[in-house]
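Working notes, structure below.
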Amino acid sequence: MSAALAALERELGAKLTERDGRGLKPTAAGRAYAPYAEHVLGLLEQGSRAAREAVDDARRTLRVSAVASAAEHFVPLVIKVFA
């Protein structure tokens with residue numbers, strides 16, 4: 001975790017945390033950056049959910065081709081079972 005935080009701080013050119021006793025607390029830059037990081041993480045979660053739902057939707061697709069007589073009598077039963 002500390003290596004990832006250090007890399008992010010290097011990339012941003014700003015310290016995001018400072019020592020507070022035995023722990024850490026956010027700096028002014030860290031407090032300013034936090035809402036953006038939360039937003040990005042939220043977007044990543046939404047994107048993951050959308051991708052999973054797209055896969056699930058693709059698995060529920062039913063395509064039926066039939067001649068007219070089967071379409072009239074048999075296909076409605078198949079669609080009812082599928083639904």
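Each reported figure results from applying straightforward, stated rules to the coordinates on display, with no laboratory input. This is a predicted model, so every value here is computed, not measured. Every residue, glycine among them, receives a Cβ derived from its backbone with ideal geometry; neighbour counts consider all protein chains shown.
Between Val64, Val55, Val40, which gets the highest mean-square fluctuation from a Gaussian network model of the chain, Cα cutoff 10 Å?
Val64
Specify the angular offset, from 0 to 90 degrees and rounded to the nearest 10, of the alpha carbon long axis of helix 2-12 from the longest principal axis of the alpha carbons in the chain.
Approximately 90 degrees, to the nearest 10.
Which FRET efficiency, nearest 0.05, do Leu5 and Gln46 yield, Cβ-Cβ r, R0 25 Å?
Details: r = 24 Å, r/R0 = 0.98.
Between Leu5 and Gln46 the formula returns 0.55.
Expressed as an acute angle from 0 to 90° and rounded to the nearest 10, what is the orientation of the C-alpha long axis of helix 28-59 relative to the principal long axis of the chain?
The answer is roughly 20 degrees.
Grab the eigenvalues of the alpha-carbon gyration tensor for the chain, scale each by 5, take roots, and send me the semi-axes largest first in whole angstrom.
Working from the Cα gyration tensor, I get semi-axes of 57, 11, 10 Å.
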